[in-house]
1. Looking only at region 129-145, which residues are among the hydrophobic types (A, V, I, L, M, F, W, C), more than 20 Å from E69 (Cα to Cα) and either outside any loop (DSSP other than H, G, I, E, B) or touching a helix residue (DSSP H, G or I) at 6+ places or on another chain (Cβ under 8 Å) (or both)?
2. Name every residue in region 84-106 that is charged (D, E, K, R) and under 21 Å from N24 (Cα atoms), in order of residue number.
3. If the Cβ limit is 9 Å and pairs must be 6+ apart or interchain, which residue in region 63-74 that is under 11 Å from A18 (Cα atoms) and among the aliphatic types (A, V, I, L, M) pairs with which residue that is open to solvent by less than 60 Å² (accessible area, probe 1.4 Å) and in a helix (DSSP H, G or I)?
4. I need a count of the residues in region 159-168 that are out of contact with any helix residue (DSSP H, G or I) (no Cβ under 9 Å at 6 or more places or on another chain) and touching a residue at least 40 places away in the same chain (Cβ under 8 Å).
5. Report every pair of residues separated by at least 6 positions or lying on different chains whose Cβ atoms are under 6 Å apart, first residue within region 1-24 and open to solvent by 40 Å² or more (accessible area, probe 1.4 Å), second small (G, A, S) and at pLDDT 70 or above.
6. Of the residues D74, D53, which single one is assigned to a helix (DSSP H, G or I) and loosely packed, with under 12 Cβ neighbours inside 10 Å?
7. Name the residues in region 134-174 that are open to solvent by 70 Å² or more (accessible area, probe 1.4 Å) and of a type in the set (D, E, K, R), would you?
Amino acid sequence: MRLGMSLEKVIEREGVGALIVRNNSFLTVEEQRYNRRTQKIPGMRSIIYETVDPGESVEQALRRSLGEEVNLNDFISSFSLTDVKLCEVQITPGIWLSAYLIQIDVPDDFVIKGSSEAEDVANPAWDLIYDLLNEPIGSLRFRPGNREILQSYMRYSQGLLLQPDIYFQPQNVIADEVFTRFHPRLNEEGKLH
């Protein structure tokens, strides 16, 4: 559900997302860890998400994530990454993700490799935008929040996004039972207890 800015947000943890688009596709990575609070399961595809560390700006978190997860430092060194804010998505209560369109030209022949520093993600690849938008609700192929980010991107590309969209809940929330089925001893942060 897309809502206006009038409702109050409670932020316990802030994250950033980097949407990079090329030829009707968007850059994704494969999640490698479980985490109930941030709604991820190994094998899910996602744009690059990263938590903003204490004392770190959104810009710094985006640069760190693009360097650590997909090694794109050479493409992002000379310009601002926060010019186009697409939306904010509350992944779970208090966990907010601000998604930015990263407008860089990645050549078609450039092979994006996962960074050796990345522990939580692997296998960067280009996924078709319409594959995600046509994915049935309840599918575990893409991480929650990605659909909303691409919906905001589509509105932006059509000139219809006048201010960032705010989504108080993603359409594709992962039920607790799914986490229990995958690994019954996982706690909120995806660690065994």
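1. Residues of region 129-145 that are among the hydrophobic types (A, V, I, L, M, F, W, C), as a first pass: 129, 132-133, 137, 140, 142.
With more than 20 Å from E69 (Cα to Cα) added as a condition, the list becomes 129, 132-133, 137, 140.
Matches in region 129-145: I129, L132, L133, L140.
2. Residues of region 84-106 that are charged (D, E, K, R), as a first pass: 85, 88, 105.
Correct list: K85, D105.
3. What qualifies is L66/F75; L66/I76.
4. 3
5. Correct list of pairs: V10/G94; E12/G94.
6. D74 is the lone residue from the list that is assigned to a helix (DSSP H, G or I) and loosely packed, with under 12 Cβ neighbours inside 10 Å.
7. Of everything in region 134-174, just one residue is open to solvent by 70 Å² or more (accessible area, probe 1.4 Å) and of a type in the set (D, E, K, R), namely R141.
The rows are residues; the columns are (1) outside any strand (DSSP E or B); (2) touching a His at 6+ places or on another chain (Cβ under 9 Å); (3) open to solvent by less than 60 Å² (accessible area, probe 1.4 Å); (4) not basic (K, R).
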| residue | (1), (2), (3), (4) |
| --- | --- |
| D83 | yes, no, no, yes |
| I91 | no, no, yes, yes |
| A99 | no, no, yes, yes |
| V111 | yes, no, no, yes |
| E119 | yes, no, no, yes |
| A122 | no, no, yes, yes |
| W126 | no, no, no, yes |
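The values are calculated or read from the model by the stated rules, or taken from the named source; none is laboratory data. Owing to the predicted nature of the structure, the values given are computational and were not obtained by experimental measurement. Every residue, glycine as well, gets a Cβ built from its backbone with ideal geometry; the counts of neighbours run over all protein chains shown. Surface accessibility is based on the protein's heavy atoms, side chains included, excluding ligands, DNA and RNA. Shrake-Rupley method; radii C 1.70, N 1.55, O 1.52, S 1.80 Å.
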